[in-house]
Each structure stands twice: as structure tokens, then as C-alpha cells.
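Participant: I'd like to ask you about the structure that follows.
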Amino acid sequence: MEASATERTLGVTELLELVLLELPIRDIFQAQRVSQQWKAVISNSSPLRKAMWLTPVDSSSTQAKHDEVELPTHSRLYSLTDKNHPRVLAAKHFNPLLPLGEDNYRIELMMKGWLSEFVREELVLVVPDPTEWKHSFSLVASKGEDKAAWEDMQVFSPPITRFEIHIVDTKKGTVYVHNMPKLYNENGIRMGEMMKQLYVVLKKLEHVL
């Protein structure tokens, strides 16, 4: 049977790549299951891997600057800061699959000094109310292609190589900072690394959260 015009078009690697680049990230990952050809194209395409947050946008990304913004006073975290104009990483740098919430303040990468008496690392990932992440935590236990679909993604763009995790219970106004994990990856911290650590922390604190 003669191939249709669509099949012939998508059979050309360069054209298939252009089509896939127009898709949302989740759909690109799903497209890997269409055929071996599509999977190979996606796996070997530098533009697609960048769009999927699997590789940095450029080779110098680990040294690149990140935009910072002041933490808005309406944020649930503001009352727990030192009020000295706390600054956080702009939401655009966070992996789009992270459960940021409508106001983008469910998870923050705070600059040193937001709780100056506690901060030991230069950067602190602050996760308010992690029990709201149940769906995301369920991914940690997933296997096969579903797991591979997200765990190798960069958490930040440009990549960030180290941070310490703090947990905040905004309902109680409690900050958990002691014996919290520190993450380091010279090539940029990955989603799988972060989510596994958050899962461990949640299990550790489940009797108080």
C-alpha cells in the first residue's frame, strides 16, 4: 500500500523533528511510543532533548545567570521569611512539570538569607505543604517508560548543581531544616534525584505533616 502524504512527511527526520518541536513536553515523551523510528529521532535530536529539559540549552548553561524576583507579600512563605526583601528564582527557570500551583509559590528556590539563621547552603529549595504532591511522589515508584519519561529531566534551566531542601508546613508555620538532604550533581540536578529525596523526606515527616 502506498504511504500517504502525511506518512511520507513524518518519515523525513528533519520534518518529523519540526512537527514534534511544536508539541507540549508531555506529548513529545508520549511520541516516543509511536514507533522505533520516532523514538530514535527523539533520542538523537539535540533540539528535542533541549525542549524536553534533558540537556542544557547551551554548553555554558551551568554557569549561566538566573533571574531573581522578590517574594510577593501574598505568598504563603512570606510570613516565615526575615522580611528583608527575600528573593527567589523566577518561575520560568523551573521544570514545567513541577507542581508549582496557581501562584507559582508552592516550591521555591530561595537565595541565601531567606531564613538566615538556618541556611547553610547557598541555595535552598523550599517546599511548602509537600503532601499536596501525592501524584508527583507516585512517579517515584513507577517503572519502565513512565519512569524514564521524567527522571532524567533537569529541575532547572539553566541547570543548578547544588541545593539543600527545606520543608514548610504553612498551616502550622513550621519550617523543617534539620537533617534535610543536600543534592549535588555537577551536570545539573535531575527530577529523579530531587523527587526521590522529597519522597524520603515526606516519609520521615509523615507523622507531623
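The values are calculated or read from the model by the stated rules, or taken from the named source; none is laboratory data. All values derive from a computational prediction rather than experimental measurement. No Cβ is skipped: glycine too gets one built from the backbone with ideal geometry, and neighbour counts run over all protein chains shown.
Participant: Does V69 count as outside any helix (DSSP H, G or I), in the same structural domain as H166 (by TED's automatic domain parsing), β-branched (V, I, T) and at pLDDT below 65? Talk me through it step by step, then tell me what you get.
Facilitator: Numbers: outside any helix (DSSP H, G or I): yes; in the same structural domain as H166 (by TED's automatic domain parsing): yes; β-branched (V, I, T): yes; at pLDDT below 65: no.
No, not satisfied.
Participant: State yes or no: is T161 among the polar types (S, T, N, Q) and at pLDDT 80 or above?
Facilitator: So T161 passes the test.
Participant: Would you pick out the residues in segment 153-182 that are under 15 Å from L198 (Cβ atoms) and either of a type in the set (G, A, S) or outside the structural domain of L77 (by TED's automatic domain parsing) (or both)?
Facilitator: none
Participant: Taking H93 as meeting all but one of (1) surrounded by fewer than 16 Cβ atoms within 10 Å (Cβ to Cβ); (2) assigned by TED's automatic domain parsing to the domain that holds V168; (3) touching a Pro at 6+ places or on another chain (Cβ under 8 Å); (4) modelled with pLDDT of 80 or more, write down the number of the exception.
Facilitator: With (1) surrounded by fewer than 16 Cβ atoms within 10 Å (Cβ to Cβ); (2) assigned by TED's automatic domain parsing to the domain that holds V168; (3) touching a Pro at 6+ places or on another chain (Cβ under 8 Å); (4) modelled with pLDDT of 80 or more applied to H93, the lone miss is (1).
Yes or no, residue by residue, for (1) at pLDDT 90 or above; (2) surrounded by 13 or more Cβ atoms within 10 Å (Cβ to Cβ):
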| residue | (1), (2) |
| --- | --- |
| A3 | no, no |
| E7 | no, no |
| V12 | no, no |
| E17 | yes, yes |
| L21 | yes, yes |
| R26 | no, yes |
| Q32 | no, yes |
| Q37 | no, no |
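Participant: Within segment 190-209, how many residues are within 13 Å of the chain's Cα centre (by Cα), in a helix (DSSP H, G or I) and among the charged types (D, E, K, R)?
Facilitator: Summing the residues that are within 13 Å of the chain's Cα centre (by Cα), in a helix (DSSP H, G or I) and among the charged types (D, E, K, R) in segment 190-209 gives 2.
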